[in-house]
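Scroll down for the structure; my scribbles are underneath it.
Throughout, read-outs are computed from the coordinates displayed, never taken from laboratory work. Just so it is clear, the model here is predicted, and its values are computed rather than measured. Don't worry about glycine lacking a Cβ; one is built from the backbone with ideal geometry, like all the others, and counts go over all protein chains shown.
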Amino acid sequence: MSPAIEVSDLTKRYGDTLAVDGVSFSVEPGEVFAILGPNGAGKSTTVEILEGHRDRDRGSVSVLGIDPAKGGREYRDRVGIVLQSAGIDKELTVREVLDLYGAAYTRRRPLDEVLDAVELTEKADARVRTLSGGQQRRVDLALGLIGDPDLLFLDEPTTGFDPAARRRSWDLVRNLTAGGKTVVLTTHYLEEAEQLADRVAVMSGGRIVAEGTPESLRANADRGTVIRFALPAVHAPLSELIDPLVGDASGRDRRIEIVTMAPTADLAHITTWALGHGIELQGLVVESMNLEDVYLELVADDAGATS
Ligand SMILES: Nc1ncnc2c1ncn2[C@@H]1O[C@H](COP(=O)(O)OP(=O)(O)OP(=O)(O)O)[C@@H](O)[C@H]1O
Ligand SMILES: [Mg+2]
């Protein structure tokens, strides 16, 4: 199967700003591909070029086998787009907006089904202006779905959603990909990327600084596991606890933190020691790095390299 998206050496400059600096990646059909990165990294510019909303200066782009710069109606009919800020007429009702935008598509989904998917059935006849911020964002999401697209571009789709609505929208995206659709997503919510994405690209300063599955990004940046607990007043010598550890221990007051590449062995030693002394380890926590830790390291490394 040929890739749904193939981008090679994509470059875009606005005056003195090199917004996208030689980016290459590909996305397979049915995949969710997430682009992460700080404000101004070039995410929206990249996505807008793929959508056909923006010209590129250099590089090749193929989306569903079509160059979006040349793709006309046939191309727009097959892609759904949720812009970072969509300029819809807020005096129209939700139903009117969906009718208007839906008319451009040959394969449109039933309006009630789309309203239900974004949980706006009750607001169908309300003017967009009267909706809350998160509800207005759901109208944008509905516009991306109305044409039953093969490929959906979502630029920060859940900004302004309450946490429960965000989680439900993840189910919506999962249902789309289960039906074979491809999704390109930008987000500042690392958990969203971790939950949804098959693969993640981290952009910074117009370049992709890391790419892979959420798991592989975490594994590559593995700085170990953190074990934390607090000790009650102990009479046993602490060296018995600390010296045999593989990892590095630090402590203040009675709170101990151990960073280790051998969490299983260290945890066994710690709990054996505690049980031997009849001690309960208070607030015992064992954590591996999550995607947010990894992301912050990547972006910080890159900022250090370019400044
Ligand atoms: N129309 C424009 N004219 C001039 N410069 C622009 C324009 N659009 C974007 N830029 C610049 O290009 C760079 C990349 O912007 P872009 O919108 O792609 O970032 P982003 O990664 O989507 O950021 P955010 O997370 O804030 O949405 C920024 O430095 C921005 O100022
Ligand atoms: Mg953006």
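What the table shows:
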{"quantity": "Two-site label geometry, Asp57 and Thr271: point separation in nm, points 7 Å out along Cα→Cβ", "calculated": "5.7"}
{"quantity": "Karplus-derived 3J(HN,Hα), 6.51/-1.76/1.60, for each residue of the stretch 112-129, Hz, glycine and proline x", "calculated": "5, 5, 5, 4, 5, 4, 9, 6, 10, 3, 5, 9, 3, 9, 8, 5, 4, 3"}
{"quantity": "Approximate shape of the chain as ellipsoid semi-axes (Cα gyration tensor, √5λ), whole Å, largest first", "calculated": "46, 24, 16"}
{"quantity": "Neighbour-limited loop hits for GluC sites (Glu not before Pro), the stretch 86-169 (at most 16 other Cβ within 10 Å; DSSP other than H, G, I, E, B)", "calculated": "Glu91, Glu119"}
{"quantity": "Residue list for the stretch 147-171, given a label point 7 angstrom along the Cα-to-Cβ vector of Ala126 and an amide N cut-off under 17 Å", "calculated": "160-166"}
{"quantity": "Cleavage-rule hits (trypsin sites (Lys or Arg not before Pro)) in the stretch 206-248: DSSP loop, at most 16 neighbouring Cβ within 10 angstrom", "calculated": "Arg223"}
{"quantity": "Degrees separating the helix 291-306 axis from the principal Cα axis of the chain, which is the longest one", "calculated": "80"}
{"quantity": "Theoretical FRET efficiency, 1/(1+(r/R0)^6), r = Cβ-Cβ of Arg73 and Leu284, R0 51 Å, to 0.05", "calculated": "0.25"}
{"quantity": "Inter-label distance for Asp21 and Asp112, nm, one decimal - labels placed 7 Å from Cα along Cα-to-Cβ", "calculated": "5.3"}
{"quantity": "Angle between the chain longest axis and helix 263-276 axis [Cα atoms, degrees, rounded to 10]", "calculated": "40"}
{"quantity": "Antiparallel bridge percentage (DSSP; both residues within the chain; nearest 5)", "calculated": "70"}
{"quantity": "The chain, helix-only ellipticity at 222 nm - DSSP H runs n ≥ 4, -39,500 (n - 2.57), divided by all residues, nearest 500", "calculated": "-10000 deg cm²/dmol"}
{"quantity": "Rounded tilt (10° steps) of 163-178 against the dominant C-alpha axis of the chain", "calculated": "70"}
{"quantity": "The chain - charge dipole about Cα centre, Lys and Arg +1 at Cβ, Asp and Glu -1, debye rounded to 20", "calculated": "680"}
{"quantity": "Gain in span if fully extended, Leu238 to Thr159, counting 0.36 nm per residue against the direct Cα distance", "calculated": "23.6 nm"}
{"quantity": "For the stretch 235-307 versus the stretch 28-87, the gap between their alpha-carbon centres in whole angstrom", "calculated": "43"}
{"quantity": "Residues in the stretch 202-225 reached by a label modelled at Val259 [backbone nitrogen below 14 Å; 7 Å Cα→Cβ]", "calculated": "221-225"}
